[in-house]
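The values are calculated or read from the model by the stated rules, or taken from the named source; none is laboratory data. Note that the coordinates shown come from a computational prediction; the quantities given were computed from them, not determined experimentally. Cβ placement follows ideal geometry from the backbone for every residue including glycine, while neighbour counts extend to all protein chains displayed. What goes into the accessible areas is simple: the full protein's heavy atoms, side chains included, and nothing from ligands, DNA or RNA. Shrake-Rupley method; radii C 1.70, N 1.55, O 1.52, S 1.80 Å.
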Amino acid sequence: MAKKLGKKARKFARKHLQTAAKRNRKIRSQFAHRRPRRGGSGREEGRRGDGDEDVPRREGGATMDMNDPAATLVIGLEFPEDGAEMNTDLSDSDGYLSEDSECPYYSDSEDVDVVEDCIMKDGLYRQNDELNLDIKKQKKKLKKLLDKDPEFANFLEKWQSELENYRSKEDSDEENEMDSMDDDVDSSDKNPPNAKILTSKTISEWCQLVAKEPKSPALRNLLNAFRDACRFGVYSDSSLMQRLQNIRVFYQIITFVLSQSDSIFRALLEISDDANKGKIINLRNSKKWQTVGPLIKSYLRNSLDLLSQLTDNKILTFILTRLRASVVLFSAYPSTSSRLLKILFSLWASDDQSLSLSAFLMIREVASLLPDCLDLCLTKAYNTYLASTELVNQRNTKHIDFLMNCLVELYSLDVQKSCERAVISVGQLNAILKQASKTKEKEDLRKIDNWQYINCVNLWVRFLCCNYKDYNLHPLFSQVLQVIRGAAHLFPGTRYLPLRLRLVQMLNELSICSQLFIPISSLLFDCLEFRETQKEQTQKTKVNFSSLLKVPKNLLKSRDFQEECILSAIQVLSAHFAQWSYHVSFPEVATIPLILLKRLHEQTTLESLQRPIKRMIDQVNENKDFIQRKRENVSFSPNDKASVESFLQEEKSKGNASFTRFYASISESHQPRGRKAL
């Protein structure tokens, strides 16, 4: 009776032998049915070719797909997207343009084989070295197992014959598969007409010819070279050999084509820089378009291929900057516009500030010049913003604030249409709030106590602040106000102070934009009550409310947490008082907060808090006395709205009151604690 294999031997066999054949068969069956589309848009992401290490390419999972429902927290806030693709302008063409055989090619002193070897050598040799090193390590492990367990050697011999039979069958299947794939390839792909190596001298000559005469035959050759540059480092097949001599030629091609193509196309079509979508649509029926249209289509589609492949942020920013001038040309190809927006929103959500800004500028250009794309832009921008705000920390707060400002600017292009979307979104927020208020279950409360919900509310507050004075947005204003106050009252207690402080800041902003009084003191009572702190704090912990909605329990009695609570509350109250510091009703507005501040000053034992609290009390009292003295000299009644609104307007325009200077100083000193109060 044979002995059982050892534990390590069984583990090795399970991992490397028994499932290997099954896994390989499954992988090969997947690739056997996969046919890449012509033009390279359906290529395998894992394949790499010559020069791949020189040109940074976008990996398959490098960026998060904002259209993936799994990428966001599902709380019912996303706008539904229209999944229908516009394929009216798609074709089976691989993107090559017919060239003039008389167009000159120049070869440098290097031999073609030497050039190809230089391109491939670094990347392939490095990969071979890594593979050889891994093989040596695996051989050493296998030899140790064989020496330790002789029965394992017999086990390997048993499997070896079966594996050899499987490999021979697999090789025959692979040959048949390759034969069938070769039958599907066009003769033009087997023997591509542009198989000549592109040298720096050739590209320089073509650029000079095109610069002198845009109608030159060299333009088609140059656009074909641009097509190959957009695929540089992707293919390694001999049938689709790399035509670029080196990386310098790659940069030479994309720099000239991206910089000059828009002006060349406009010169050929005889259109100005301010041409709109209607002008382009009318040109599609002209004879000029029959000649220039294929060139434009090749340029736009290849540019998108380049955008989807590269990972270098500086190159991507340059491409977006140059491509933005040609946005109106995308109107001739709806499916190309849809693909462009998918790429742009992915880049807009990136952490790189310059790249994100360049992507947004182009998104705004598309939304402005292509009205048909406005709805798609608004939907994708909103969903992308929600996906980006799922997790908030100290590192991405500025980026999220930037995305919010971009979204407000985009939605302000068409306020009426955006207001309809805002009403739908706020209705969703209100429905979630009502459900949580009714059930008080943890799962429902968690839908409000998360960054997506709070940032969504903050988005519409910003939108109202930017457009409330110029448009009738009072219905939306009332709904947003109701949501904020409901959410603030739903989470009492000390742990949720950061959330309530953020909501109170929103109330201050709404009060400023609408010039309506919104009481906030009752929402700050928890902040203005003294709590005992830990007598001995072993470790100083910095508490930053800008990235918190709920405070951990271990920090509730810490001195740092109490200091942050009091100082943040003083900052928010100062913004509230500053708005009404010249109003005739300021003494009544400040009465209750003054009582709370005086009580807090008496109870607190922290020296770091006594001085700012005392200073706040003195400034409020001083401004209160100032308003009361001015009120004694007026004769109008509180019902006279015109006189009430004009009260101390001259002093307010000068801004010389002591409380105005106090608020300016406290806003500047507390700037790191969060977004500056308005």
Answer residue from the stretch 580-598, given it is in contact (Cβ under 8 Å) with a residue 60 or more places away in the chain and over 19 Å from Q515 (Cβ atoms) and is most open to solvent (accessible area, probe 1.4 Å) among those: I592
When the residues of the stretch 429-442 are narrowed to those that are out of contact with any Leu (no Cβ under 9 Å at 6 or more places or on another chain) and under 22 Å from N383 (Cα atoms), which ends up surrounded by the most Cβ atoms within 10 Å (Cβ to Cβ)? N430
Flagged in the stretch 265-298 as part of a helix (DSSP H, G or I), among the hydroxyl-bearing types (S, T, Y) and surrounded by fewer than 17 Cβ atoms within 10 Å (Cβ to Cβ), in numbering order, are T291
For the stretch 399-418, state whether one or more residues are free of Cβ contacts under 8 Å to residues at least 12 places away in the same chain and not polar (S, T, N, Q). no
Residues T321, T379: which one is touching a residue at least 60 places away in the same chain (Cβ under 8 Å), closer than 23 Å to F402 by Cβ and of a type in the set (V, I, T)? T379
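Residue-by-condition table, conditions (1) open to solvent by less than 10 Å² (accessible area, probe 1.4 Å); (2) basic (K, R); (3) without any contact (Cβ under 8 Å) to a residue 24 or more places away in the chain:
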position	(1), (2), (3)
Y468	no, no, no
L476	yes, no, no
L490	no, no, no
G493	no, no, no
R502	no, yes, no
Given (1) farther than 30 Å from V551 by Cβ; (2) of a type in the set (S, T, N, Q); (3) touching a Phe, Trp or Tyr at 6+ places or on another chain (Cβ under 7 Å), index of the condition S412 fails: (3)
Enumerate the pairs (first residue in the stretch 194-213 and of a type in the set (D, E, K, R); second residue anywhere and in a helix (DSSP H, G or I)) with beta-carbon separation below 8 Å, excluding pairs fewer than 6 apart on the same chain, so at least 6 apart or on different chains. E205/A218
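When you look at F577, is it touching a residue at least 24 places away in the same chain (Cβ under 8 Å), closer than 18 Å to I666 by Cα and aromatic (F, W, Y), yes or no?
On the way: touching a residue at least 24 places away in the same chain (Cβ under 8 Å): yes; closer than 18 Å to I666 by Cα: yes; aromatic (F, W, Y): yes.
The answer is yes for F577.
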Among E563, E645, E602, E607, the single one that is open to solvent by 20 Å² or more (accessible area, probe 1.4 Å) and either among the small types (G, A, S) or more than 30 Å from T494 (Cβ to Cβ) (or both) is E645
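Which one of these is polar (S, T, N, Q), in a helix (DSSP H, G or I), closer than 21 Å to Q571 by Cβ and open to solvent by less than 10 Å² (accessible area, probe 1.4 Å): S511, S522?
Numbers: S522 fails: open to solvent by less than 10 Å² (accessible area, probe 1.4 Å).
Checking each option against the conditions leaves just S511.
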Can you list the helices (runs of 4 or more DSSP H) found entirely within the stretch 299-416 that contain at least 1 residues being closer than 26 Å to P80 by Cα and open to solvent by less than 10 Å² (accessible area, probe 1.4 Å)? 334-348, 353-369, 374-388, 397-411
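Mind checking which residues of the stretch 581-604 are among the aromatic types (F, W, Y) and either in a helix (DSSP H, G or I) or more than 18 Å from N633 (Cβ to Cβ) (or both)? Spell out the reasoning first.
Start the filter on the stretch 581-604 by keeping residues that are among the aromatic types (F, W, Y), which leaves 582, 586.
Passing the criteria: only F586.
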Output for the stretch 293-313, where each listed residue is modelled with pLDDT of 90 or more and hydrophobic (A, V, I, L, M, F, W, C): L295, I296, L300, L304, L306, L307
